[in-house]
Amino acid sequence: MKNLDNGKLLSDYGNVLVLLLLCVVISVVTLEEQSPRSTAAAENLAAIIVGGAGKDANILILVRRGEGQQEFANTLKNTLSKAGLNVTDTVVGTPADARAALGKQTEALDVIATDEHMAAFCLEQLPKLAKKYPTLANTTAYQPKKHLWPNFLKKENLLNVLKQISVVAIIAIGMTMVIITAGIDLSVGSLIAFSGVITALSIQQLSGGADPTTGHLLLGCAAGIIVCALIGMGTGGLVTLFNIPAFIVTLGVMFIAKGLAFIFSQSAPIPIANEGFAWLGRGSDLIGLPNSVVLMLLLYGIAHVIMTHTSIGRYIYAVGGNPEAARLSGVPVKWVLVFVYTLCGLLAGLGGVMEASLHITGDPKSGTLVELQVIAAVVVGGTSLAGGQGKIFGTLVGALIIGVIRNGMNLTGVEAHMQSVVYGVVILIAVMVDQLKNRAQKTN
Amino acid sequence: MKETLTLLPAILLTTWLGCGGNQEATEPANTGVNGENAEKTKGIIAYTPQTLSNPFFSVIGDHIRAEAEKNGYEILIVDPDYDVKKQSDQIDDFIAKNVTAIVLVPCDRLSVGPAVKAANKAGIPVFTVDAKCAAEGAEIAGHVGTDNFQGGELAGKAMIDALGGKGGKVLILDLKRAHSCVLRVDGFKKVINAHNKEAVGKIEIVSELDGNGDRTKGYQSTADALQAHEDLDAIFAINDPSALGAYTAVKEAKREAKIKIIGFDGQLDGKQAIKDGKIYADPIQHPDKMGKQIVQLVVKYQAGESFEPETLIPATLYTKAEADQDPELK
């Protein structure tokens with residue numbers, strides 16, 4: 001019994017192995033020299049310079065501007081000054097600032113302490129500038145030692161991957177439930193655009209077009225999400241009441257929502273006049289995790305509990321497995337279907353709000369073809385389009401697989417049409433694995 | 001067992017995050033750069049256009065590549081396929097990769113703003129080619145584009161020429177959501193209005209329809225306009241695909257002998273159509289120069305030299321005379 005369980009688990013979560021394999025492969029191909037920019041790296045660099053230069057050497061600190069760079073420069077400055085060296089100037093800025101600072105040196109400059117980018121500047125410009133300014137004749141530039149590390153495994157990059165899949169992954173929760181009931185929802189991409197436009201318009205209306213407060217923002221988001229949930233409910237209603245195939249109903253809703261998004265926005269993106277709106281899409285408050293990622297993980301946790309520990313979860317599987325049997329055993333089939341389409345619409349609305357937040361704009365063009373990415377994530381995650389089977393966390397893994405492939409190909413500069421081919425192959429492999437799995441289960 | 005498997009990715013992920021941090025902190029720093037231990041490349045220039053399926057942007061890309069490699073930079077080209085979300089993600093990827101500079105053709109002049117600001121925050125200079133970024137607070141280090149207004153004026157002059165001083169009725173196929181195309185129409189109208197003040201043969205713009213910048217819509221809109229205006233004399237389309245779509249409709253109505261078409265861009269199939277007499281003339285842009293000059297701005301920026309932040313390359317008129325001399329064409 002135990003063995004059988006393990007075998008089933010492996011087939012259920014086999015895509016985790018695929019994900020890990022992908023991570024390893026992409027890590028290898030994105031292996032590159034990295035230049036450390038931490039304060040510890042600054043201290044180490046300072047120690048090297050102290051060891052290499054004379055006691056009263058003149059030092060200029062040149063660092064490219066950017067996040068955390070001021071700290072790097074300050075650490076360099078403090079450590080060097082403490083060691084008794086003479087720091088003539090500290091520049092955190094553009095190459096133009098660096099050039100100006102080099103021209104201003106009145107005494108002979110011995111050392112430039114720098115980072116990777118300014119090192120490239122020094123390498124090229126220092127010999128030229130030395131001809132113009134005699135103070136630079138004997139100047140040496142030092143930068144932190146580089147080490148090999150995959151670009152893919154950099155913290156910022158991994159967070160980017162999670163952030164980039166968050167919208168698709170969140171909508172995929174609803175899509176997983178819909179597909180488990182043997183349905184489909186093609187309207188989610190259009191709902192992203194519709195929700196973003198409704199949100200931006202509501203915020204504009206509420207605030208009279210200028211300086212929306214946080215309250216206005218929240219109300220706007222609620223409007224976008226609720227409207228999409230209602231549309232989802234309508235979809236569910238049409239599917240159950242008139243017994244129209246979900247494919248057709250949601251295809252209709254897809255066109256309607258897309259058209260309305262363009263009509264309401266008059267075909268132009270609607271900017272939201274409050275930078276605070278970027279909080280959801282671009283902010284990161286909890287231990288450095290982007291807010292959209294925290295939301296995604298939270299929703300997956302909730303969805304997992306719903307699917308495994310509640311009666312509605314069991315009903316959803318039952319409806320997908322055999323609707324007639326489910327009806328006879330007292331499952332409210334129609335309500336279950338209305339519930340999953342409403343939830344899918346609601347999550348698409350939330351996705352639209354997140355997308356709008358990312359760009360601080362309600363854009364009718366957004367969400368194009370996202371429905372296919374969402375369906376791909378669900379399918380790659382091991383949910384069967386035939387219904388009755390599927391795991392919420394499988395979908396998260398599916399979304400991760402697609403996100404990781406996309407990121408890996410962007411980091412290595414794979415050409416766009418080739419990317420499309422790779423996605424297609426991944427989806428086909430996933431479906432083939434799904435089929436083999438089903439066959440294996442039947443023979444068991 | 002189940003829990004362990006579910007948690008596996010999370011555990012691995014956190015280990016990696018931890019590793020990333022530690023690695024940076026413990027790695028000893030060492031001697032730096034001198035002339036002799038020169039690096040292989042000076043860094044990476046990353047390019048994200050609106051799409052690579054439009055040859056205009058891929059020609060820019062080709063010349064960015066050539067000029068970048070000439071100056072010792074690596075080049076990374078990606079394709080957002082008109083999707084500003086994809087483009088923003090790509091910019092985030094560029095930032096994670098810590099590229100030297102980003103060259104961008106914004107898919108949307110406003111929505112790309114937050115991504116540009118993220119690059120600003122990371123200290124990576126952002127340059128725009130062709131289309132501009134109009135988001136408030138987004139810092140653009142330099143821009144190279146076509147002087148679209150002047151190009152529109154050229155189209156207007158070519159139109160006067162095409163109608164042979166007799167004047168006539170003109171249809172415009174526009175693309176209002178692209179600012180550059182609005183400028184083309186503005187320049188066109190300025191010349192036509194000035195002409196109408198003096199000349200006897202007045203040029204009347206009878207209709208302005210959306211050509212969507214593509215063949216399909218250009219064809220549909222022209223077909224409709226041909227029904228509405230029995231006496232149409234000429235068409236100005238804001239780019240080559242919509243001009244070629246217009247030609248298909250005109251030919252279908254068997255009115256190609258009378259109706260003159262003026263396009264814009266000078267893409268290869270547009271130029272060929274000019275040679276074949278399907279299109280009368282094109283104000284052409286110079287994507288080759290644009291690609292080259294944007295890299296030159298990057299190089300100047302990196303060297304800390306001062307430069308003009310905005311360069312507009314004038315369009316030039318391309319007629320059958322030029323097409324007959326063009327070695328690129330059949």
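Within the stretch A:327-354, restricting attention to residues that are open to solvent by less than 10 Å² (accessible area, probe 1.4 Å) and β-branched (Val, Ile, Thr), the residue that is nearest to the other protein chains (Cβ to nearest Cβ) is A:353. Looking only at the stretch A:274-293, residues that are away from chain B (no Cβ under 13 Å) and either in contact (Cβ under 8 Å) with a residue 60 or more places away in the chain or over 23 Å from residue A:362 (Cβ atoms) (or both) come to 2 in all. The residue of the stretch B:101-119 that is nearest to the chain's Cα centre (by Cα), among those that are within 23 Å of residue A:32 (Cβ to Cβ) and crowded, with 23+ Cβ neighbours inside 10 Å, is B:104.
For the stretch B:159-172, does any single residue satisfy the condition of being open to solvent by less than 30 Å² (accessible area, probe 1.4 Å), among the small types (Gly, Ala, Ser), on the phi > 0 side of the Ramachandran plot and outside any helix (DSSP H, G or I)?
Yes, the conditions are met somewhere in the stretch B:159-172.
Go through the residues of the stretch A:110-118 one by one and say whether even a single one is more than 36 Å from the chain's Cα centre (by Cα) and at positive phi. No, because not a single residue in the stretch A:110-118 is more than 36 Å from the chain's Cα centre (by Cα) and at positive phi. In the stretch A:259-270, the qualifying residues are those that are open to solvent by 70 Å² or more (accessible area, probe 1.4 Å) and farther than 15 Å from residue A:367 by Cβ, and the one that is farthest from the other protein chains (Cβ to nearest Cβ) is A:263.
Here is a yes/no grid of residues against (1) at pLDDT 95 or above; (2) out of contact with any Asp or Glu (no Cβ under 7 Å at 6 or more places or on another chain); (3) of a type in the set (Ser, Thr, Tyr):
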position	(1), (2), (3)
B:192	yes, yes, no
B:196	no, yes, no
B:200	no, yes, no
B:213	no, yes, no
B:216	no, yes, yes
B:224	no, yes, no
B:230	no, yes, no
B:237	yes, yes, no
B:240	no, no, no
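Criterion applied to B:268, B:329 was being farther than 30 Å from residue B:99 by Cβ, of a type in the set (A, V, I, L, M) and open to solvent by 70 Å² or more (accessible area, probe 1.4 Å), and the one residue passing it is B:268. Among the candidates A:357, A:366, the residue that is buried (at least 23 other Cβ atoms within 10 Å of the Cβ), of a type outside the set (A, V, I, L, M, F, W, C) and touching a Phe, Trp or Tyr at 6+ places or on another chain (Cβ under 7 Å) is uniquely A:357.
Among the residues making up the stretch A:374-392, those that are farther than 17 Å from residue A:432 by Cβ and surrounded by fewer than 23 Cβ atoms within 10 Å (Cβ to Cβ) are A:387, A:388, A:391. Here residue B:146 meets each of (1) closer than 24 Å to residue B:214 by Cβ; (2) open to solvent by 20 Å² or more (accessible area, probe 1.4 Å) with one exception, condition (2).
Of the residues examined, residue A:349 is not one that is touching a Gly at 6+ places or on another chain (Cβ under 9 Å) and under 26 Å from residue A:19 (Cβ atoms). Of all residues in the stretch B:74-83, those satisfying the criterion of being open to solvent by 10 Å² or more (accessible area, probe 1.4 Å) and within 7 Å of chain A (Cβ to nearest Cβ) are B:76, B:77, B:79, B:81, B:83. Scanning the stretch A:275-287 for residues being open to solvent by 40 Å² or more (accessible area, probe 1.4 Å) and assigned to a loop (DSSP other than H, G, I, E, B) gives a total of 3.
Of all residues in the stretch A:136-155, exactly one satisfies the criterion of being away from chain B (no Cβ under 12 Å) and crowded, with 20+ Cβ neighbours inside 10 Å, namely A:136.
Is it the case, given these coordinates, that residue B:137 is at pLDDT below 90, over 19 Å from residue B:285 (Cβ atoms) and in contact with a strand residue (DSSP E or B) (Cβ under 7 Å, 6 or more places away or on another chain)? Taking the combined requirement at face value, the residue does not satisfy it.
The values are calculated or read from the model by the stated rules, or taken from the named source; none is laboratory data. What you are looking at is a predicted structure, and each value in this text was computed from that prediction instead of being measured. Virtual Cβ from ideal backbone geometry, glycine too; neighbours counted across all protein chains shown. Calculation scope for accessible area: heavy atoms of the full protein, side chains included, ligands and nucleic acids excluded. Shrake-Rupley method; radii C 1.70, N 1.55, O 1.52, S 1.80 Å.
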